[in-house]
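Q: Below is a structure I'd like to ask you about.
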Amino acid sequence: MKYLEEITKSCEYVAQHSKHVMINEEAIDNLVNQHFMKKQDHWLSSNPFGLLDYSLCDIVNFLIILSSIDCSFWGEPKWTLLTKENTKVDGAFALIYALLQIRKEKGHLDFEQISFEEFRNFFTGNVEIPLLKERYQVVKEVSYIINTKMNGNFYEYIKDITKDIDLLNLIIENFPSFSDTRTYNGKTIYFYKLAGLVVSDILHIIELKENRLVDYSHLVGCADYKIPQILRGLNILEYDLELAELVDKLQEIEENSNYEVEIRANMIVALKKIKEKLPNDLTLIDLNDIIWKMGQDKTKHFKPYHRTRTLSY
């Protein structure tokens, strides 16, 4: 439980000392009384761009690459791709599409064998994707680690792991790019957002494809920019005037600033508080996914999300 306990304890410390973000307990009570707070299908079950048509081995090997760079899509305008079917996609789904095109054309996702120029071409959209060079360096490093430590096949290396604690530990300890920590009042604060995300996705896809018994009940949520946005829209997270003005005016908030750390940490603590009041057996990662899906509903309008350019989320 080492890393998961670090997330919970350090985020609770931030919540106790926050100056710019507060958790509204009454708003939590209002949320838990709503009937939609029930387990939903995992996002992978929608089979985006035919991803589920691949073998479990190929999907898991795809997910470790995807999750390593599933971050920081915001911008004005937002990076958008045009698919071969003439449909516009952006954000994480554009990333999925681009990586699947690489997989189809190259027959693999080994970025030790794919040049930066080739990588860039697959991501060509209306604007350059943020952190393009940095993303390439990440996937190249991930490929190197898989090739040298795991005999070129991440799935084969982890296929017998069905518990979130074990898989999270393995990913954090083997892939430096999944590190996600900050400093607050001189203390190290732990988030591991992308590591938690890929653990959840891998265990869910094993459950979905093979109907195997897996355990993702210990995951604590994924501290990104969309979920705090929705929690703020639900009045569960409240920002002081100083922070609210920055966020609402789309001003960039520096990585590792007190603003950013307080937003992310209070999101983690708020999810835990919601979970404790729910009458059903939702896991924290189920709850995380429910709220994330609310943010994908284009008919709903929320105040802006905070903007921090980072490889962490």
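The values are calculated or read from the model by the stated rules, or taken from the named source; none is laboratory data. Model, not experiment: these values are computed from the prediction. FYI the Cβ positions are ideal-geometry reconstructions off the backbone, even for glycines, and counts take in every protein chain you see. Remember, those area values only see protein heavy atoms, side chains included, never the ligands or the DNA or RNA. Shrake-Rupley method; radii C 1.70, N 1.55, O 1.52, S 1.80 Å.
Q: Name every residue in the stretch 142-157 that is surrounded by fewer than 20 Cβ atoms within 10 Å (Cβ to Cβ) and either part of a helix (DSSP H, G or I) or on the phi > 0 side of the Ramachandran plot (or both), in order of residue number. Break it down stepwise before answering.
A: Residues of the stretch 142-157 that are surrounded by fewer than 20 Cβ atoms within 10 Å (Cβ to Cβ), as a first pass: 144-145, 147-153, 156-157.
Selection gives Tyr144, Ile145, Asn147, Thr148, Lys149, Asn151, Gly152, Glu156, Tyr157.
Q: Please work out which residue is nearest to Gln229 (Cα to Cα), limiting yourself to the stretch 290-313 and to residues that are at pLDDT below 90 and not in a loop (DSSP other than H, G, I, E, B). Even if it seems obvious, please write down each step before you answer.
A: From the stretch 290-313, those at pLDDT below 90 are 293-301; that's our starting set.
Next, from what is left, pick out any that are not in a loop (DSSP other than H, G, I, E, B): 293-294.
Working: Lys293: 12, Met294: 10 Å.
Only one residue fits best here, namely Met294.
Q: Moving on to the next point. Any residue in the stretch 131-154 that is touching a residue at least 24 places away in the same chain (Cβ under 8 Å) sitting within a Cβ distance under 6 Å of a residue that is among the small types (Gly, Ala, Ser) and open to solvent by less than 10 Å² (accessible area, probe 1.4 Å)? List the pairs, counting only those 6 or more apart or interchain.
A: Leu131/Ser72; Val138/Ser68; Val142/Ser68
Q: Filter the stretch 227-273 for residues that are of a type in the set (Gly, Ala, Ser) and either closer than 18 Å to Asp289 by Cβ or assigned to a helix (DSSP H, G or I) (or both) and give the result.
A: Initial filter on the stretch 227-273 (of a type in the set (Gly, Ala, Ser)): 233, 244, 257, 265, 270.
Gly233, Ala244, Ala265, Ala270, listed by residue number.
Q: Can you tell me how many residues in the stretch 18-67 are open to solvent by less than 40 Å² (accessible area, probe 1.4 Å) and charged (D, E, K, R)?
A: 0
Q: Hey, among the residues in the stretch 83-101 that are of a type outside the set (A, V, I, L, M, F, W, C) and more than 18 Å from the chain's Cα centre (by Cα), which one's surrounded by the most Cβ atoms within 10 Å (Cβ to Cβ)?
A: So the residue we want is Gln101.
Q: Here's something else I'd like to know. Which residues, counting only those in the stretch 102-115, are of a type outside the set (Ser, Thr, Tyr), on the phi < 0 side of the Ramachandran plot and open to solvent by less than 60 Å² (accessible area, probe 1.4 Å)? Quick ask: steps written out before the conclusion?
A: Start the filter on the stretch 102-115 by keeping residues that are of a type outside the set (Ser, Thr, Tyr), which leaves 102-114.
Now drop any that are not on the phi < 0 side of the Ramachandran plot, which leaves 102-106, 108-114.
The answer is Ile102, Arg103, His108, Leu109, Asp110, Phe111, Ile114.
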